[in-house]
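What follows is a set of notes on a single structure, which appears directly below.
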Amino acid sequence: MEMTKWFDTNYHYIVPELDPDVKFSYASHKAVNEYKEAKALGVETVPVLVGLVSYLLLSKLAKGVDKSFDLLFLLPKTLPIYKEVIEELKGAGATWIQFDEPLFVMDLEGHKLQAFSAAYAELESTLSGLNVLVETYFADVPAEAYKTLTSLKGVTAFGFDLIRGTKTIDLIKSSFPQGKYLFAGVVDGRNIWANDVAAPLITLQSLEGIVGKDKLVVSTSCSLLHTAVDLVNETKLDAEIKSWGLVGPYYYFFNNPVYPGPRRGGSRLAAAALKGSDHLRATEVSTRLDAPQKKLNLPILPTTTIGSFPQTVELRRVRREYKATKISEEDYVKAIKEEIKKVVDIQEDLDIDVLVHGEPERNDMVEYFGEQLSGFAFTANGWVQSYGSRCVKPPIIYGDVSRPKPMTVFWSSTAQSMTKRPMKGMLTGPVTILNWSFVRNDQPRHETCYQIALAIKDEVEDLEKGGIGVIQIDEAALREGLPLRKAEHSFYLDWAVHSFKITNCGVQDSTQIHTHMCCSNFNDIIHSIIDMDADVITIENSRSDEKLLSVFREGVKYGAGIGPGVYDIHSPRIPSTDEIADRINKMLAVLEQNILWVNPDCGLKTRKYTEVKPALKNMVHAAKLIRSQL
Ligand code: GLN
Ligand code: ZN
């Protein structure tokens, strides 16, 4: 089954694939067992279950099922299972049950809302005697959905995210069912700052007047899965920043009139000055297209990779020892240079057209830049689950961002000096740095993003000056940050695209700007991607080529280069030349040959050399094969 991001977070879930004949049964008694375990320890807990309507709406049709089949038709099959679970929880002594129904915050069609009403009406008798909370999160609940939600049968409490949703409060104020509980999510479940106590207090006081003191519950805005656990083990974190984590910037401000605020450097002023301008490149992309291609002397269907090469145990050891000052800077630089040389030689042997240095000096594509920018701090233990046993450790953006000195120029120009072929400079874009960090909450996110954009712009220009003619600015997480509600899309996309453009609007026509995105769903943002105005975009494309590519073809003449991944790097499987050639042919059926690039669908960092070498060899063969046939 596919693994996909949970709403607009970096947490992943496995998407159930259902068909009309699926048979459900009550398999795992985890919820009941854990309730009992806590109870045995003397702790009364609220068991939390995925709401039954959200469960179906987040599932997808199994392969081969007629697209017209509505998954909500499966409600009569899931209801009896939910009833069994509820009965068992009741039997174990539970007095509260929580159903997470985050789908309530999406733009849902009427029949989906009706499914909620029908499902809960069906559960009503089973739920009687219990307090039942339906929890929503990550955005406002739209007015129609709010009506449906607050009239659900059998439900005694409603939960709202009052951090990410700022409008729901008006709906609550205009009507809230009498005698029901309100779970007010005023504590941010997705950031690390200690809670601001002043503003939520005002909110809570006004809500108290509506629902009554005994029915108002102070709550987190969502589950705490998305934030770090605690500060106790952060021995290296700056004491002042740590204090904001304990009491929060706002609280600090209210209690300390001398609150210094994050450093107020020129970057804040510069970012503020950006708003009026469009930051366009001097020439249109279709006109621009030839200049670098000629200068770089590239064949049609040029081959390249996305940036990273395998990160070996040895490489990790070198970085770790350098960080711990166990090896000298000289030894470190020597080791990294050797690694780059190895990667360059491999690519030349394979006859790849546009080379990369392989990112051996980077532990993580965001952390690497954060460590060199001002305004960032790092935790030792602030891990957040991403999927399964995999966790990420997002940097903290606490102050104004600026770039004290070049970050990648040394490595990129060293790599370029090893080859006559073009070497791609490799940067992480501002939106991705923002979306994969814990961000200060005392100014709008877009202002922070503009500051990062200005820092990356300096880097782009220094790379260009340093003789790097192809620069890739990864925006892996641009799609992930798309707001859940359509009404908010255009605002986000405007500043996100603008931030990207700021980074490279100053380069010459002959400098080729690439971007890369790990995402296979561009339907709703294709116009913004075109607006990014990159010369080449490489994208993940392992799942649904035709659908994805038709997006690029439809209605828009995409003039710039596009490299839809020709094989899936998330698997150790080595694709054959024929298979890749077949893929390229399918792409050529949709896209013009002069804009198509040939590349894997993401960085190779998690793979082994024994997989990467043969896979890239087959990829280059496939490209040559097709070139010879055109
Ligand atoms: N340049 C990065 C790499 O190759 C891109 C990673 C990503 O898209 N997640 O590792
Ligand atoms: Zn990627």
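Assorted remarks:
- Two-decimal log10 I(q)/I(0) for segment 376-417, as the Debye equation yields it once each C-alpha is a single scatterer, q = 0.15 Å⁻¹: -0.65
- Charges were assigned to the Cβ only: +1 to each Lys and Arg, -1 to each Asp and Glu. The resulting dipole of the chain about its Cα centre is roughly 620 debye.
- Over segment 26-159, equivalent-ellipsoid semi-axes from the Cα gyration tensor in Å: 26, 18, 13
- Taking N as the residue count of segment 94-202, its C-alpha radius of gyration divided by 2.2 N^0.38 Å amounts to 1.09.
- Net charge of the neighbourhood of Glu314, taken over other residues with C-beta under 12 Å away and scored Lys/Arg +1, Asp/Glu -1, is +2.
- Expressed in units of 2.2 N^0.38 Å, where N is the residue count, the Cα radius of gyration of segment 316-366 is 1.29.
- Rounded to 5, the percent of DSSP beta bridges in the chain classed as antiparallel: 15 percent
- Percentage relative contact order, segment 13-120, counting C-alpha pairs under 8 Å, at least six apart: 38 percent
- Each listed q (0.15, 0.19, 0.20 Å⁻¹) maps to a log10 I(q)/I(0) for segment 285-353 from the Debye sum over equal C-alpha point scatterers, namely -0.67, -0.83, -0.87.
- Kirkwood hydrodynamic radius of segment 478-623, from the reciprocal of the average inverse Cα-Cα distance over all distinct pairs: 16.3 Å.
- Point-to-point label distance, Ala198-Val50, nm (Cα→Cβ direction, 7 Å offset): 4.2 nm
- Counting neighbouring beta carbons within 10 Å and listing from fewest to most, the residues Phe183, Phe69 come out as Phe69, Phe183.
- Mean separation of Cα pairs under 8 Å and 6 or more residues apart, divided by the residue count, gives segment 405-536 a relative contact order of 29 percent.
- Neighbourhood net charge (11 Å Cβ-Cβ; Lys/Arg +1, Asp/Glu -1) for Ala143: -1
- Whole-Hz Karplus values for segment 66-72 come out as 3, 4, 7, 5, 8, 4, 5 Hz, taken residue by residue from phi with 6.51 cos²θ - 1.76 cosθ + 1.60 and θ = phi - 60°; glycine and proline positions read x.
- If the convex hull is drawn through the Cα atoms of segment 480-543, its volume per residue in Å³: 83 Å³
- When every Cα-Cα distance of the chain is counted in 10 angstrom steps from zero, the calculated P(r) takes the values 3, 14, 23, 24, 19, 12, 4, 0 percent.
- Equivalent ellipsoid of segment 372-446: semi-axes from √(5λ) of the C-alpha gyration tensor, largest first, are 29, 18, 11 Å.
- Ordered by the number of other Cβ atoms lying within 10 Å of each residue's own Cβ, fewest first, Leu463, Leu152 fall into the sequence Leu152, Leu463.
- Here the Kirkwood formula, the inverse mean of 1/r across different C-alpha pairs, assigns segment 334-414 a hydrodynamic radius of 15.0 Å.
- Kirkwood Rh, Cα atoms: Rg over Rh of segment 138-236: 1.02
- Equivalent-ellipsoid semi-axes for segment 1-68 (Cα gyration tensor, √(5λ), whole Å, largest first): 30, 16, 10.
- For segment 393-505, alpha-carbon Rg and Dmax in angstrom: 15.2, 50
- Too-long pairs where the Cα-Cα distance tops 21 Å, listed order kept, from Lys60/Lys167; Lys153/Lys180; Lys5/Lys67; Lys341/Lys420; Lys112/Lys180; Lys215/Lys486: Lys60/Lys167; Lys5/Lys67; Lys112/Lys180; Lys215/Lys486
- Over all orientations, segment 339-379 has a Cα convex hull whose mean projected area works out to 3.7 square nanometres.
- Among Leu72, Leu596, the ranking by other beta carbons within 10 Å of each residue's beta carbon, starting with the fewest, stands as Leu72, Leu596.
Values quoted throughout were computed directly from the atomic coordinates according to the rules given, and no laboratory measurement underlies them. This one's a predicted model, so the numbers in the text were calculated from it and none came from an experiment. So basically every Cβ, Gly included, is an ideal-geometry build from the backbone, and we count neighbours across all protein chains shown.
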